[in-house]
Each structure stands twice: as structure tokens, then as C-alpha cells.
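The values are calculated or read from the model by the stated rules, or taken from the named source; none is laboratory data. On a predicted model such as this, the values are computed, not experimentally measured, just so you know. Note that each Cβ is placed from the backbone with ideal geometry, even for glycine, and that neighbours are counted across all protein chains shown. Heads up: the accessible areas ignore ligands, DNA and RNA and are worked out on the full protein's heavy atoms, side chains in. Shrake-Rupley method; radii C 1.70, N 1.55, O 1.52, S 1.80 Å.
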Amino acid sequence: MNDPVPPADALRAALAGLLDGLPPRQAAQAVDRLIANYRGATPTNAPILRDRPDVAAYAAYRMPATFEAVRSALEAFAAAVPDWAPGGHIDVGGGTGAATWAVTATWPGERPVTVLDWAEPALALGREVAAANPALRDAIWRRARIGSALTLDTTDLVTVSYVLNELTASDRAALVDAAATAAQAVVIVEPGTPDGYARVIEARDRLIAAGFQVAAPCPHSAACPIVPGEDWCHFSARVSRSSLHRQVKGGSLPYEDEKFAYVAAARFPVAPASSRIVRRPQIRKGQVLLDLCEPEEQLTRRTITKRHGDLYKAARDADWGDAWPQ
């Protein structure tokens with residue numbers, strides 16, 4: 001009996017077939033246009049993802065990056081709740097369903113899954129791609145306006161990835177409140193920009209006010225120690241670049257790094273990291289410099305040297321976003 005194909009590999013294979021019959025130049029032009037215009041409030045007339053060629057091009061370009069960013073956030077969350085797995089999942093604004101793939105990569109097995117999005121072509125293509133993932137073959141793909149009128153069924157996990165940037169402030173607040181009301185756990189991912197971080201902090205504050213505990217990335221549920229306007233908290237996930245990526249962005253590297261900000265929180269007890277590495281470690285001769293967010297609500301730089309023995313070896317292997325012992 002063959003072993004099941006890992007979700008990441010199955011997703012890459014499914015996406016590779018999306019652009020069959022679509023001229024490469026047309027696909028690249030569609031991605032360029034969508035990147036330039038896929039912003040603003042929830043569409044009131046027609047979604048920006050208008051038809052299958054639009055969605056196929058955008059999915060082939062963006063799904064791998066969204067998958068890797070959300071999977072990184074979910075893995076950090078799972079480490080803080082090792083005895084928990086979602087019995088059900090709702091992906092709000094999920095489009096073609098990258099976050100649903102990330103959930104199946106983090107917690108194997110089948111569960112009820114619902115993807116909500118305004119763009120019907122995105123939902124249709126997501127359903128098509130999901131046929132390659134046994135855990136998603138019974139998923140429900142439902143058109144819904146993402147905003148203040150949204151209500152969610154009770155579930156264990158709600159994910160909201162790369163959605164808040166498309167909403168007004170009032171709709172963002174309503175969406176986070178709806179997720180907090182419906183779910184036992186909420187994971188929100190935004191672009192790793194100052195504005196994306198600000199939206200994540202706004203959502204984090206609302207979740208804490210609703211009784212949630214922060215599981216990741218923060219080692220505490222107190223106020224973020226970063227001074228607004230001076231810095232922002234974000235992380236990086238490595239993404240293999242497809243030929244479409246290379247056409248659109250140029251360059252020859254076989255990968256790119258997706259920057260993202262996130263918060264993962266739960267209504268039940270969590271065991272967050274003792275501290276979190278919030279910058280890429282600086283490896284120097286005989287020492288490693290680590291920038292840490294610590295439970296005392298402070299940012300600290302620690303210098304780990306060879307005198308620290310095994311801790312020094314761990315520091316040399318540590319990566320941006322990893323948990324770090326006190």
C-alpha cells in the first residue's frame with residue numbers, strides 16, 4: 001500500500017496542472033494585474049477574481065506562499081497545544097483554500113471543513129484542487145460576503161488568512177468578533193508589513209478581550225512590547241518558486257521568502273513558548289545573537305557563545321520564529 005502524499009507535495013502537483021492550456025504570458029499578465037488591484041474593501045459588485053483563468057493564475061502564484069505562511073503559524077500554535085486537534089474548521093475568506101491545506105498538513109485526518117469567500121470562481125477552483133487531498137474531498141465551499149453581516153457556525157478552529165487587509169475597520173472588528181464567538185481557536189495571518197502587523201495586533205487585542213489566550217507567536221497575552229511606528233513583529237516562510245513566480249518576479253533563485261504576521265489564540269489552556277526568536281539569528285565567530293520576545297513583556301537580545309555548550313549548538317541551528325528556552 002502506497003504511503004499518502006504529503007499535503008504540500010499534493011498541492012504543488014495540483015497547482016502544476018492549473019495553467020495547462022493558459023499561455024504563460026497571459027498567466028503572468030493576469031497575476032501582475034491581480035497583484036496591483038487585489039486590495040480595498042470587500043467587493044460590492046463583482047469580485048476582482050473574475051473568471052477561471054484569473055483564479056488559476058492567481059492560485060498558482062499565491063497558494064504556495066499562503067500555504068507555507070499559514071502552516072508556519074499553525075505549527076507554532078500546535079506546539080503550544082500538543083494534546084489538541086481541531087474537530088472542525090472554518091476558513092473565512094479562504095478563496096481557493098490554501099489555509100485548509102495547511103490545516104491538513106498540521107493535523108492529519110478528516111474533519112468537517114467549510115470555506116467561505118465572496119468570489120465564486122475562487123471557490124469553484126478551490127473545490128477542484130481539493131480533490132487531490134483526501135481530507136478535503138467533502139469540504140463545503142460556500143459563497144458569503146465577508147463583513148459585518150457574517151455569522152459563523154460553531155466550530156473548533158477558524159482561520160482568517162490575508163483577508164483583514166481587504167476589509168474596512170468596522171468589518172475587521174466584526175469578523176474577529178464573529179470568529180471569537182464561533183470558535184475555540186482562531187488563527188489570523190496577514191502580510192508581514194507594518195500595516196499587516198497593526199491589523200494582527202488589533203485582532204489580538206479583540207481576541208484577548210473576548211477571553212482568548214495567545215498561544216503563538218507571543219510568549220504571553222499581555223501588551224505587545226513593540227512601540228507602534230518604531231518596529232513590527234513578523235516572520236518568514238520559505239516558498240519554492242514555480243516557473244510562474246520566476247516569470248512574474250524575475251530572478252533565478254529557486255525559492256523566495258514569504259513575510260507574514262500572525263496571532264494564534266484559544267479559549268482553552270495553552271502553553272506558549274518560553275520566548276520567541278523575532279529576528280533572523282546573527283551568527284558570528286564563536287557566538288550567536290538572538291533577538292527574543294520574552295514573557296516579561298520585553299524584547300531582549302541574548303548572546304549565546306561556545307561556553308554555553310549544547311545551547312550554543314541549538315542557537316546555531318535556530319531559525320527566525322522558533323521558540324527558545326528561557
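Conditions tested, residue by residue: (1) modelled with pLDDT of 95 or more; (2) touching a Phe, Trp or Tyr at 6+ places or on another chain (Cβ under 9 Å).
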position	(1), (2)
Val103	yes, no
Pro108	no, no
Arg111	yes, no
Leu116	yes, yes
Gly126	no, yes
Ala131	no, no
Arg142	yes, no
Problem - Verdict on Asp138 being farther than 28 Å from Ala271 by Cβ and either modelled with pLDDT of 95 or more or not small (Gly, Ala, Ser) (or both) - result: yes
Practice task
Please find, within region 282-326, the residue that is most open to solvent (accessible area, probe 1.4 Å) out of those that are among the aromatic types (Phe, Trp, Tyr) and not in a helix (DSSP H, G or I).
Solution key: Trp320
Exercise for the section: Tell me, yes or no, whether region 111-122 has at least one residue that is under 28 Å from Ala16 (Cβ atoms) and more than 20 Å from the chain's Cα centre (by Cα). Expected result: yes
Practice task
Kindly establish whether Thr168 is of a type in the set (Val, Ile, Thr) and more than 14 Å from Pro7 (Cβ to Cβ).
Solution key: yes
Practice task
Determine which member of the set Leu74, Leu167 is at pLDDT below 95, aliphatic (A, V, I, L, M) and under 30 Å from Val278 (Cβ atoms).
Solution key: Leu167
Practice task
Inspect all residues belonging to region 261-270 and state whether any of them is closer than 27 Å to Asp171 by Cα, β-branched (Val, Ile, Thr) and modelled with pLDDT of 95 or more.
Solution key: yes
